[in-house]
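A short worksheet on the structure shown next.
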Amino acid sequence: MITPKVTLIIATYNAVDWLKKVLLGYKVQTYSDFEIIIADDGSDVNTKILIDGFKKNYPVNITHLWHEDLGYRRQTILNEAIVMAKNEYIVFTDGDCIPKNNFIELHAKYAEKGRFISGGYCKLDMPLSNFISKDSILNGECFDVKWLNKHGNIGSSQFRKLATGPRMSSFLDLITTSRASFNNCNSSAWKSDLLAINGYDERMLYGGPDRELGSRLENYKVSGKQVRHTVLCLHLDHPRGYKTKESLDRNLAIRASTKKENKVWTDYGIVKDETNN
């Protein structure tokens, strides 16, 4: 089977300690036919310094895509990254998610025309997030449940994802009742499909913009493939100061409209409808 070339898009904003851990994870991937675009929603100069340091000795190309900090505009910078992507298949993640070393390999392996990938993540608390070191990332120790439990506490669902082997993970993905949704931590899709639905809806703030995009993919007859037990990353803890009731309510209304009207295209995405301005 021919696997696609991959563009990895990492969304970030002023979180250099976490982004450093994430980039260490992508330094030791088992699959090397990919590029990285860091979609930066207006971080200060410290993020640039960190990325420039990694660029000097990194196995794949890194592009730092930045725009001015004018408030939460994550969807806008992600749309720019989609257009910039050189490769046919795009993997999305966040700058607070450490990938397992086969993360890119499995996204490429499971890529299928007419489908998008819905991967899984294991949430860590703040003490464990801080404890994970460079060495534990490079040698893969941070994905070992015994090591994690020795240095902190992980929940039963996180344990189940990390402790099962490939065969059992595939079985759990087959029988799970969880819906395959497009999530910001760990999802992938064909660039052509993302362009066909006009990317992210840039009206949306924090709270479900990825799921709204996933709904439009489904309306476009691109269905989700559930691999939440098989394709994994560790989600580091962080505050969510940009989470407000107003943003959640606004996003829920947009998502409801997308589902009710069976929308495929957003007028507020990559290609702008000038009549809305």
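The values are calculated or read from the model by the stated rules, or taken from the named source; none is laboratory data. Just so it is clear, the structure is predicted and the values come from calculations on it, not from any experiment. We place every Cβ from the backbone using ideal geometry, glycine too, and count neighbours over all the protein chains shown.
Okay, here's what the table says:
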{"quantity": "Selected residue (only one of Tyr206, Tyr268, Tyr220 is farther than 30 Å from Lys100 by Cβ and either buried (at least 18 other Cβ atoms within 10 Å of the Cβ) or among the aromatic types (Phe, Trp, Tyr) (or both))", "calculated": "Tyr268"}
{"quantity": "Failed item, numbered, when Ala256 is tested on (1) in a helix (DSSP H, G or I); (2) of a type outside the set (Phe, Trp, Tyr); (3) over 30 Å from Asn130 (Cα atoms); (4) touching a residue at least 24 places away in the same chain (Cβ under 8 Å)", "calculated": "(4)"}
{"quantity": "Qualifying residue in segment 234-246 (condition: in a strand (DSSP E or B) and surrounded by 14 or more Cβ atoms within 10 Å (Cβ to Cβ))", "calculated": "yes"}
{"quantity": "Failed criterion for Ser192 (all others in (1) under 20 Å from Leu8 (Cα atoms); (2) among the polar types (S, T, N, Q); (3) surrounded by 14 or more Cβ atoms within 10 Å (Cβ to Cβ) hold)", "calculated": "(3)"}
{"quantity": "Answer from Pro59, Pro4 - the residue that is of a type outside the set (Asp, Glu), touching a helix residue (DSSP H, G or I) at 6+ places or on another chain (Cβ under 7 Å), closer than 19 Å to Met84 by Cα and touching a residue at least 12 places away in the same chain (Cβ under 8 Å)", "calculated": "Pro4"}
{"quantity": "Output for segment 158-175, where each listed residue is surrounded by 14 or more Cβ atoms within 10 Å (Cβ to Cβ) and either in a loop (DSSP other than H, G, I, E, B) or touching a Cys at 6+ places or on another chain (Cβ under 8 Å) (or both)", "calculated": "Gln158, Lys161, Leu162, Thr164"}
{"quantity": "Of residues in segment 100-143 being part of a strand (DSSP E or B) and hydroxyl-bearing (Ser, Thr, Tyr), the one modelled with the highest pLDDT", "calculated": "Ser118"}
